[in-house]
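The values are calculated or read from the model by the stated rules, or taken from the named source; none is laboratory data. Since the model is a prediction, treat every value here as computed from it, not as a measurement. A quick note on method: Cβ atoms are made from the backbone with ideal geometry, for glycine too, and the neighbour counts reach across all protein chains shown. Side chains are part of the model used for accessible areas, which takes the heavy atoms of the whole protein and leaves out ligands, DNA and RNA. Shrake-Rupley method; radii C 1.70, N 1.55, O 1.52, S 1.80 Å.
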Amino acid sequence: MEQTIKSKRKITVYDLVVVGLMAAVCYVATNFRIEFPTPVGKMMVHMGNIFCLLSGLLFGGVRGGLSAGIGSCIFDLLTGWATSAPSTLINKFVMGFLAGWIPRLKGKEGKSVPFNILGAVCGMYGYTILYLGYSFVKDIILGSAIETAWADIIFKAPISLANGTLGIIISVILAALLRPALEKAGLYKKFAR
């Protein structure tokens, strides 16, 4: 019976608040960035990935995915990366979703540090693979030689992996610090799924 009630649950005000707030945080954090030229454009290292992962770690897969995807997509639309906005929406959703879904497997409810680390790793590196794949296909479609597309990926990969590793470490630490505070304030059960 309880499973039936949960499956019929509608979108709540808490869902909207969490997704809206964390999407805004992801957007703002992405503004703290360093841009690098690449063989066929530019890329950036930014703080947004930390909060995309944190959204999932704290608030679950769907909320985390929506927060990460929407916040990052809005950033792209407003800051000159609009052509990447649709792929960013999808790729960042995957990041936040994996970061929130994996820590809740086997009844862990996001309380297991090893599962949180695994979720953050899968979310970040899953996103990195999608991002690099998208970049490669985009380069080819836009007329770059295959060698140039590979050079672009070879340049982007180490920067993306380093940025991702930093994001994993910081997001897992922040989740471990923020979750008890949310629980103590009585907010965690309302906001987490």
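Could you tell me how many of the residues in the range 26-46 are assigned to a helix (DSSP H, G or I) and either among the charged types (D, E, K, R) or open to solvent by less than 50 Å² (accessible area, probe 1.4 Å) (or both)?
Looking only at that region, the number is 3.
When you look at Gly65, is it touching a helix residue (DSSP H, G or I) at 6+ places or on another chain (Cβ under 6 Å), open to solvent by less than 60 Å² (accessible area, probe 1.4 Å), in contact (Cβ under 8 Å) with a residue 40 or more places away in the chain and not hydroxyl-bearing (Ser, Thr, Tyr), yes or no?
Details: touching a helix residue (DSSP H, G or I) at 6+ places or on another chain (Cβ under 6 Å): yes; open to solvent by less than 60 Å² (accessible area, probe 1.4 Å): yes; in contact (Cβ under 8 Å) with a residue 40 or more places away in the chain: no; not hydroxyl-bearing (Ser, Thr, Tyr): yes.
No; evaluated as a whole, the condition is false for this residue.
Is at least one residue of the range 78-89 among the hydroxyl-bearing types (Ser, Thr, Tyr), open to solvent by 70 Å² or more (accessible area, probe 1.4 Å), assigned to a helix (DSSP H, G or I) and closer than 20 Å to Tyr134 by Cα? Explain how you work it out, then say what you get.
Residues of the range 78-89 among the hydroxyl-bearing types (Ser, Thr, Tyr): 79, 83-84, 87-88.
Now drop any that are not open to solvent by 70 Å² or more (accessible area, probe 1.4 Å), which leaves 83.
Checking which are assigned to a helix (DSSP H, G or I) leaves us with 83.
Subset that is closer than 20 Å to Tyr134 by Cα: 83.
Taking every residue of the range 78-89 in turn, at least one turns out to be among the hydroxyl-bearing types (Ser, Thr, Tyr), open to solvent by 70 Å² or more (accessible area, probe 1.4 Å), assigned to a helix (DSSP H, G or I) and closer than 20 Å to Tyr134 by Cα.
When you look at Leu57, is it open to solvent by less than 20 Å² (accessible area, probe 1.4 Å), part of a helix (DSSP H, G or I) and closer than 15 Å to Ser171 by Cβ, yes or no?
Numbers: open to solvent by less than 20 Å² (accessible area, probe 1.4 Å): yes; part of a helix (DSSP H, G or I): yes; closer than 15 Å to Ser171 by Cβ: yes.
For Leu57, the condition - open to solvent by less than 20 Å² (accessible area, probe 1.4 Å), part of a helix (DSSP H, G or I) and closer than 15 Å to Ser171 by Cβ - is met.
Restricting attention to the range 7-54, which residues are at pLDDT 85 or above, small (Gly, Ala, Ser) and farther than 17 Å from Leu187 by Cβ?
Matches in the range 7-54: Ala23, Ala24, Ala29, Gly48.
When residues of the range 152-166 are filtered for being open to solvent by 40 Å² or more (accessible area, probe 1.4 Å) and among the hydrophobic types (A, V, I, L, M, F, W, C), how many remain? So that I can check it myself, show each step before the final result.
Step one: filter the range 152-166 for residues open to solvent by 40 Å² or more (accessible area, probe 1.4 Å), giving 154-155, 158, 161-162, 165-166.
Filter once more, so that each one left must be among the hydrophobic types (A, V, I, L, M, F, W, C): 154-155, 161-162, 166.
Looking only at that region, the number is 5.
Might you let me know whether the range 120-142 holds any residue that is over 24 Å from Asp15 (Cα atoms), open to solvent by 20 Å² or more (accessible area, probe 1.4 Å) and outside any helix (DSSP H, G or I)?
yes
Assess whether Lys111 counts as being open to solvent by 10 Å² or more (accessible area, probe 1.4 Å), outside any helix (DSSP H, G or I) and in contact with a helix residue (DSSP H, G or I) (Cβ under 9 Å, 6 or more places away or on another chain).
Details: open to solvent by 10 Å² or more (accessible area, probe 1.4 Å): yes; outside any helix (DSSP H, G or I): yes; in contact with a helix residue (DSSP H, G or I) (Cβ under 9 Å, 6 or more places away or on another chain): yes.
Yes, satisfied.
Those residues that are in contact (Cβ under 8 Å) with a residue 12 or more places away in the chain and open to solvent by 70 Å² or more (accessible area, probe 1.4 Å), I need them from the range 94-108; list them, please.
Step one: filter the range 94-108 for residues in contact (Cβ under 8 Å) with a residue 12 or more places away in the chain, giving 94-104.
Answer for the range 94-108, where residues must be in contact (Cβ under 8 Å) with a residue 12 or more places away in the chain and open to solvent by 70 Å² or more (accessible area, probe 1.4 Å): just Trp101.
Considering only residues of the range 167-187 that are part of a helix (DSSP H, G or I) and free of Cβ contacts under 8 Å to residues at least 24 places away in the same chain, which is most open to solvent (accessible area, probe 1.4 Å)?
Step one: of the range 167-187, the residues part of a helix (DSSP H, G or I) are 167-184.
Narrowing further to those that are free of Cβ contacts under 8 Å to residues at least 24 places away in the same chain: 169, 173, 177, 180-181, 183-184.
Details: Ile169: 92, Ile173: 91, Leu177: 115, Pro180: 67, Ala181: 57, Glu183: 86, Lys184: 184 Å².
If we take residues in the range 167-187 being part of a helix (DSSP H, G or I) and free of Cβ contacts under 8 Å to residues at least 24 places away in the same chain, then Lys184 is most open to solvent (accessible area, probe 1.4 Å).
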